[in-house]
Structures are given as C-alpha cells and as structure tokens.
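Colleague: Got a structure for you, questions after.
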Amino acid sequence: MIYRLIFLVGISLFFVACEKEQDTKGETIPPAAIFQKSQKPELIVAYLTNLLENQDGANLYYLRSKAYFDLRAYQKAEIDIEKALSQVPGDVDYLLLSALIKRQLGMFSEAIEDAKLVESSGITSAKLFQILADLHFAIHEKKLGFLYIRKLEKAGLPKSERPYVDFMKRQFRSDSLGAYQAVRLVDIQHPDLAHAYFAYQIGRISNLNYQKQILGELKKFPLDPYLMFSWGQFLVHMGQYGQAEKVFKQSIAWMPQQAFVRLYVARYYLERNQYDLVDNILSPIQSSGLFARDVLYLKVLGTLNRGQKSKSISLLDSIRKVYATDGRFTILYDRLVGKKTDSVNSTLDSTQQIVP
C-alpha cells in the first residue's frame, strides 16, 4: 500500500513537470546584475528572452541556445542556434554548439557537417574531438571514432569528462555491457552518463529506488527527453501502459528525429498489438541510412500482423535482395513461403502476432 502511494505521488510529480512549457515568458525577469553573476541556465534563459523581445542578435540566440542546452531542452536549443547561424554562418563556437545539440537530437549527418567545419578551421580542442568521436561511434565508424579519442586524450581531457570518455572507450572496444555496468549513481551529473544509467538500471535495482532516483533527476531537468524516455520505459516495466504511451509521445515531441526512440516505440506498439500505429511512428525516420533495415523490418512485421500476408511476402522478396546479408529478412521470408507451400504443416494464421 505504501509503495502504491509513493508510486502515485511519483506519477503526479512527473506530470506536473511535464506541464512546464519550454519557454520562460511570463516569468519574473532577473535584473542584469543577477544575470551576469548567475550560472543558473533558467535565469539566463529568462533574461535573454526578455532582451530578445526588444532586440535581435546572433550572440543573444547563441547564449540562450547554450542555456537551453544546459537545461537539456535540446529542441529549443536547436531552434536558437539555427537563428544564430543564419546571421553568422561561419562562427566556430556556434557551429560546435550546433554539433553538440544535433547529436543529442539524433541528427548525426548534420552534426558531423558542423563539427567538420570547425575542424577545418584548424581548431584543436578536446570538446571538438569528443563530439567527433561520439558522432563516428553513432554512425558505426568505430575506427575513425577511436582516432578522435586518441586526439582527445592528447589535447588534454577535462577531469569532469574522464568518466564519460572511459564509458566511450569501452563501447569502442565492443564492451557495451561493461560500459553500462560501470556507470554509478554518482556519475549521473553528466547528462550522457545519466541517460546510460537510467536506461540500464530498469529492473536491476529496486523499483522504489529507481523511481526515487529518476524522479529526482526529472525534477532538476524536466525537459530532458532521454530521462523522459527512460521514465516511459520504467512505466512499461511497471505495467502502466497508458501512462507510458503519453510519456513516449512527449519524449518524441522533444526529439522527433531520434531514431532509436521511434524504433523502441514501434516495437512497443507491436507487442501491444497496436499494429496500425507502427508505420506512423516510423515514417519520420529516413528510409535510407543507418536505421533503414530496422525500419523496414518493423514495417514488415506490422504489415504481416495486420493480416496482409501476401503484401508482406512481396515486400520481403524485394528487401532481402537489397539486404542479402541481413538474415532477419531471409528467415522471415522462408518461414512464410515455407508455411504456404508445405501441405503437411498447418498454414500460418495471418493474424498470428510476430514480434522482433
């Protein structure tokens, strides 16, 4: 009974946080003296928003974008940095911040383009090398990414970034499990390690502790889309499916181009027999590129589970020729065709659910 009460309080706190706007209009604007001394990004956003109502300037948008980034409001940060870059396209500080923001939003190609422009200017900074290492890992270019890790260490690694770089190095060595296991609660002040910690710990620590920890972080960073996504996954773990779906929608709204989130939610809909929602959730992801195979596979599963067996076979026949090395398509195709042509075995029920 006590646990249920705590859980309901947690749900209530979450939705209070969720209702906060990613905006600061209407708030009390601090005076300039406070802004100059403050390191609180929410005060910086409030002050700059007030200034931007009466004047325009790339630097103001850059500073507010940086504050939004510190608040982990990445979508708002991206809007502002684009405004700054539209006025001063070649500023290396603007481009580097743009790369950092776009990486968080899953816009990897655009982020690499910005980071490479900074690199071409001759800048050799630890932050630049770290973002390039991150981005090359994200697009499965491990060899090139690890070269940037080496450059990063030669450039001088800030102490605050050491735990995250160690986390990255383990992943480059194909030890992702060890990387996630090594992240401790004390490391979650780093946003990327916070995301790793809460993604991994669902079901590995007590539900009560997990809920307490993540709600504490959401209270500090209510606009963090990754914390929001992990909270949704935890709600699924707890069987709170209706609340989880609302949380997933909010997380997607804050990072609409982050493919792994959409792929997870598509699988969630398959498991919940909500096949009609699969294509819609996947449609914003590019049909070509890093996630093309996963997108196509989940779309085929959605089509098959909607009872469109013939269409599924036709799709698989085309896809398996393009992705001949991906056994998922061949196995599923052979299974369907084999069931269809084998007179001894029973015919596959077209309404039978098949999930990844």
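The values are calculated or read from the model by the stated rules, or taken from the named source; none is laboratory data. Note that the coordinates shown come from a computational prediction; the quantities given were computed from them, not determined experimentally. With ideal geometry, Cβ positions are generated from the backbone for all residues, glycine too; neighbour counts draw on all protein chains shown. For the accessible areas, the whole protein counts, side chains as well, though only heavy atoms, and no ligand, DNA or RNA atoms are used. Shrake-Rupley method; radii C 1.70, N 1.55, O 1.52, S 1.80 Å.
Colleague: Run the 1.4 Å probe and let me know the accessible area of TRP231, rounded to the nearest 10 Å².
Modeller: Counting only protein heavy atoms, the figure is 0 Å².
Colleague: How high is the relative contact order of segment 164-301? Use alpha-carbon pairs under 8 Å, at least six apart in sequence, and give a whole percent.
Modeller: Contact order relative to length: 13 percent.
Colleague: A follow-up question, please. Averaged per residue, what accessible surface does segment 73-209 expose to a 1.4 Å probe, in Å²?
Modeller: So segment 73-209 comes to 48 Å² accessible per residue, rounded to a whole number.
Colleague: Okay, moving on. Run the 1.4 Å probe and let me know the accessible area of LEU85, rounded to the nearest 10 Å².
Modeller: 20
Colleague: Right, here's the next one. When the solvent-accessible surface of protein heavy atoms is calculated with a 1.4 angstrom probe, in what order do HIS237, HIS190 fall, highest first?
Modeller: HIS237, HIS190
Colleague: With θ taken as phi - 60° and the coefficients 6.51, -1.76 and 1.60, list the Karplus ³J(HN,Hα) couplings across segment 128-136 in order, rounded to whole Hz; mark glycine and proline as x.
Modeller: After applying 6.51 cos²θ - 1.76 cosθ + 1.60, I find 4, 5, 5, 5, 5, 4, 4, 5, 5 Hz.
Colleague: Just by accessible area at a 1.4 angstrom probe, what is the order of PHE129, PHE137 from largest to smallest?
Modeller: Result, largest first: PHE137, PHE129.
Colleague: In whole Å, what is the distance between the alpha-carbon centres of segment 119-191 and segment 63-86?
Modeller: 23
Colleague: Hey, another quick one. Which ³J(HN,Hα) values in Hz, rounded to whole numbers, follow from the phi angles of segment 165-177 under the Karplus curve 6.51 cos²θ - 1.76 cosθ + 1.60, where θ = phi - 60° and Gly and Pro get x?
Modeller: So the Karplus estimates, Gly and Pro as x, are 5, 4, 4, 4, 4, 4, 5, 4, 8, 6, 10, 5, 4 Hz.
Colleague: Continuing with the same structure: Per residue and in cubic angstrom, what volume does the convex hull of the Cα atoms of segment 128-267 have?
Modeller: 118
Colleague: Enumerate the calculated ³J(HN,Hα) couplings along segment 211-216 in order (Karplus 6.51 cos²θ - 1.76 cosθ + 1.60, θ = phi - 60°), each rounded to whole Hz, writing x wherever the residue is Gly or Pro.
Modeller: 4, 4, 5, 6, 5, x
Colleague: May I ask you to list the trypsin sites (Lys or Arg not before Pro) in segment 240-323 that are in a DSSP loop and have at most 15 other Cβ atoms within 10 Å of their Cβ?
Modeller: Loop-located and lightly packed - ARG272.
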